Amino acid sequence: GQQVMQIPQYQHVQEGEDFTTYCNSSTTLSNIQWYKQRPGGHPVFLIQLVKSGEVKKQKRLTFQFGEAKKNSSLHITATQTTDVGTYFCAAGYSTLTFGKGTMLLVSP
Amino acid sequence: EAQVTQNPRYLITVTGKKLTVTCSQNMNHEYMSWYRQDPGLGLRQIYYSMNVEVTDKGDVPEGYKVSRKEKRNFPLILESPSPNQTSLYFCASSTSGQAYNEKLFFGSGTQLSVL
């Protein structure tokens, strides 16, 4: 399936700091999706990006799709303890392949 | 309430004892899929189904079977479980067969331990 690489694998921040996770592909993606999984929970859909250069915002979360549609990022401004979890990107054609995820830990 | 229901939530079994993890969705979704989640490896797809009677292998299908005899159910079968199948399993579904373009709804997961 479609391969997507996610970095970093893990990040620990202080509450109020910003956080960014990156998703990269060696091939052009048709679109990309982002999911969040809280500790002990299941992945929950956050957003889908389709257009080259697209930027979408959800409150403190900003999602970007690269101009070449080979990379994407999720940026969280002023993290809160409720942001703790693992963030996954996912892409594919006939089916979805997930990146390995970035685990975010936020200390109060 | 629209949901994907997996059972059981936790399962401990022994090597070689056949087991089935059930998955059911009440949203009339065409697409269903199974993933396994292991530390450091993320979510890896086992099998998926784009419609009734249509199933395809994902990235890690070895040791698993599935069936899609009716739209709402997509059971995962381990004919002879082995310890390397100890994992957290998720069932997911989406509206249409174009899974890449539709958001996935996940079940709550099944934590399987094979001794």
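Numbers at a glance
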quantity: Any hit, the stretch A:70-92, residues being under 25 Å from residue B:56 (Cβ atoms), without any contact (Cβ under 8 Å) to a residue 60 or more places away in the chain and surrounded by 17 or more Cβ atoms within 10 Å (Cβ to Cβ); calculated: no
quantity: Residue B:41 vs. criteria modelled with pLDDT of 95 or more and either surrounded by fewer than 20 Cβ atoms within 10 Å (Cβ to Cβ) or of a type outside the set (D, E, K, R) (or both); calculated: no
quantity: Conditions (1) within 13 Å of chain B (Cβ to nearest Cβ); (2) at pLDDT below 95: number failed by residue A:26; calculated: (1)
quantity: Those residues of the stretch A:1-23 which are in a strand (DSSP E or B) and buried (at least 17 other Cβ atoms within 10 Å of the Cβ), in sequence order; calculated: A:6, A:11, A:19, A:21, A:22, A:23
quantity: Test result for residue A:30, closer than 13 Å to residue A:98 by Cα, of a type in the set (Ser, Thr, Tyr) and either exposed (fewer than 14 other Cβ atoms within 10 Å of the Cβ) or over 11 Å from the mean Cα position of the chain (by Cα) (or both); calculated: no
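The values are calculated or read from the model by the stated rules, or taken from the named source; none is laboratory data. Computed from a prediction, not measured in an experiment: that's the story for all the values here. Cβ coordinates were reconstructed from backbone atoms using ideal geometry, including for glycine residues, and neighbour counts include every protein chain displayed.
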